[in-house]
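Below is one structure, written out as structure tokens, with a few remarks after it.
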Amino acid sequence: MRFIKAVALAGTVAIFTATSAFAADVKIGFIVKQPEEPWFQDEWKFADEAAKEKGFTLVKIGAQDGEKVQSAIDNLGAQGAQGFIICTPDVKLGPGIVAKAAANDLKLMTVDDRLVNADGSPIEDVPHMGISATKIGEAVGEAIVAEIKKRGWDMKEVGAIRVSYDQLPTAVDRVEGALSVLKANGFPEANIFDAPQAKTDTEAALNAATVVLNKNAGIKKWVAVGLNDEAVLGAVRATETVGIPADSMIGIGIGGADSAINEFKKPSATGFFGTVIISPKRHGYETALNMYEWIANDKEPEKLILTAGQLALRDNYEAVRKELGIE
Ligand code: FCA
């Protein structure tokens, strides 16, 4: 009896050691297209939490173009990683990324921006976590319409800046979601102006929105939509530059990371009226955890997870963040 107990105990210890040794061997890459953007820093922060919790190594890499993506994947392969999560700088790199991952024997998941095939259709085989873009866009549109009504504006006199990045499907879904609600509420289509940004950051959006404002100097009241907070912030900065006061602008972003929070912290309100907060915790922690489970326990992640968002304004963003567990 004593012998059996001893053997059982030794077995337990052996299994325990084997599992923890294995966790330490797991290496997961987390590649993002814009490492300087607060959203991606938050994703990394929450992915780090998963790494700490499970005991695996997380390798964070910024890759702003296709070449950097290729070398990042090769690098992960050479380091002995088993898988990676990526938000690609260009969704059209899809087939190339899939091939590179396979060549390096790396499991692949995507986050935020879904890879597409040569014909533009999504690569459905690669597990993806994105935001429910149309719905979140609609929430932006509803909040803008509510504020237009509250301010008693005549929609015929209002212009809408559509800060656009149409090569990215989730960006199209987000802005079209917002604009569909505006149009359904009587916003004239002729007052919607496209401001194509060269990159998904504030500076590019500022440049694009400035062109629209200068071309339509007769319009004195504006609203703005875009794929993220940076896009809308660019439009807000553009209105400030041309002298449109804060109370004549309603910009609502998507994100809720520091870009938006810093704006809400300013002593007086700007044209950045609100944001739909999305969850970097789900996109960072959960994707990293799912990848770990795939590698360590052969548990395949769901092919498609779409996360929700919640509107936050200057006066309630702290409560909303707390509610979402991202404080
Ligand atoms: C895209 C945008 C990011 C963020 C993310 C969820 O990647 O570029 O700003 O909104 O989707």
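Quick one: which of 271-282, 211-222 comes out on top by average Cβ neighbours within 10 Å, and what's the full order, highest first?
271-282, 211-222
Taking every DSSP beta bridge with both residues inside the chain, roughly what % is antiparallel (nearest 5)?
So the antiparallel bridges in the chain amount to around 10 percent.
Using only the alpha-carbon atoms of region 41-185, report the extent along each of the three principal axes, biggest first, to the nearest angstrom.
61, 38, 23
In this model, which of LYS52/LYS107; LYS60/LYS281; LYS60/LYS266 are farther than 23 Å apart at the alpha-carbon?
LYS60/LYS266
Explain nothing, just the number: dipole magnitude of region 133-278 about its Cα centre with +1 on each Lys and Arg Cβ and -1 on each Asp and Glu Cβ, in debye rounded to the nearest 20.
360 debye
Suppose we keep just the alpha-carbon trace of region 133-278; what are its Rg and Dmax in angstrom?
Considering region 133-278 through its Cα atoms, Rg and Dmax are 13.2, 37 Å.
Given charges of +1 on the Cβ of Lys and Arg and -1 on the Cβ of Asp and Glu, with all other atoms neutral, how large is the dipole of region 127-168 about its Cα centre, in debye to the nearest 20?
100 debye
Could you derive backbone 3J(HN,Hα) for region 162-172 from the dihedral phi with the Karplus parameters 6.51, -1.76 and 1.60 (θ = phi - 60°), listing whole Hz in sequence and x where the residue is Gly or Pro?
9, 5, 10, 9, 6, 7, 10, x, 5, 5, 5
Taking R0 as 25 Å, what FRET efficiency do you get between LYS52 and ASP74 from their Cβ-Cβ distance, rounded to the nearest 0.05?
After rounding, the FRET efficiency stands at 0.40.
Would you please give the residues with an amide H less than 5 Å from that of LEU115, counting only those at least 5 places away or on a separate chain, with H modeled from the backbone geometry?
Answer set, sorted by chain and number: ILE123.
How far is helix 202-215 tilted, in degrees, relative to the longest principal axis of the Cα atoms in the chain, given as a value from 0 to 90 rounded to the nearest 10?
20 degrees
Treat each spin label as a single point 7 Å out from the Cα along the C-beta direction, and report the ASP119 to GLU203 distance in nm.
For the pair ASP119/GLU203, the computed spacing is 3.9 nm.
Using only Cα atoms and rounding to the nearest 10 degrees, what angle (0 to 90) does helix 66-78 make with the longest principal axis of the chain?
Approximately 20 degrees, to the nearest ten.
Given the rule -39500 (n - 2.57) for each run of at least 4 DSSP H residues, summed and divided by the residues of the chain, what is its mean residue ellipticity at 222 nm, to the nearest 500 deg cm²/dmol?
-14500 deg cm²/dmol
Roughly speaking, what is the centre-to-centre gap between region 276-327 and region 137-204 when only Cα atoms are used, to the nearest Å?
Here the answer is 25 Å between Cα centres.
Taking Cα pairs under 8 Å and at least six residues apart, what relative contact order does region 44-169 come out at, in percent?
With pairs under 8 Å counted, the relative contact order is 18 percent.
Through the Karplus equation 6.51 cos²θ - 1.76 cosθ + 1.60, θ set to phi - 60°, convert the phi angles of region 251-267 into ³J(HN,Hα) values in whole Hz; use x for Gly and Pro.
x, 10, x, 9, x, x, 7, 4, 4, 6, 4, 4, 5, 5, 7, 4, x
Counting only residues 5 or more places away or on other chains, whose amide H sits under 5 Å from the amide H of VAL59 once H atoms are built in the peptide plane?
ILE28, GLY29, PHE30
Given the Cα-Cα distance of GLU36 and LYS135 and 0.36 nm per residue of separation, how much length would full extension add, in nm?
Answer, rounded to one decimal: 33.0 nm.
In whole angstrom, how long is each semi-axis of the equivalent ellipsoid of the chain, when you take the square root of 5 times every eigenvalue of its Cα gyration tensor and sort them from largest down?
43, 21, 16
Amide H of GLY271 versus every other amide H placed in the peptide plane: which residues, excluding those fewer than 5 positions away on the same chain, fall under 5 Å?
It is none; the list stays empty.
Rounded to the nearest 20 debye, what is the charge dipole size of the chain about its Cα centre when +1 sits on each Lys and Arg Cβ and -1 on each Asp and Glu Cβ?
The calculated dipole for the chain is roughly 520 debye.
Taken together, the values in this text are just the output of simple stated rules run on the coordinates, not laboratory data. All values reported here derive from a predicted model rather than from experimental measurement. Heads up, the Cβs are rebuilt from the backbone with ideal geometry, glycines too, and the neighbour counts pull from every protein chain shown.
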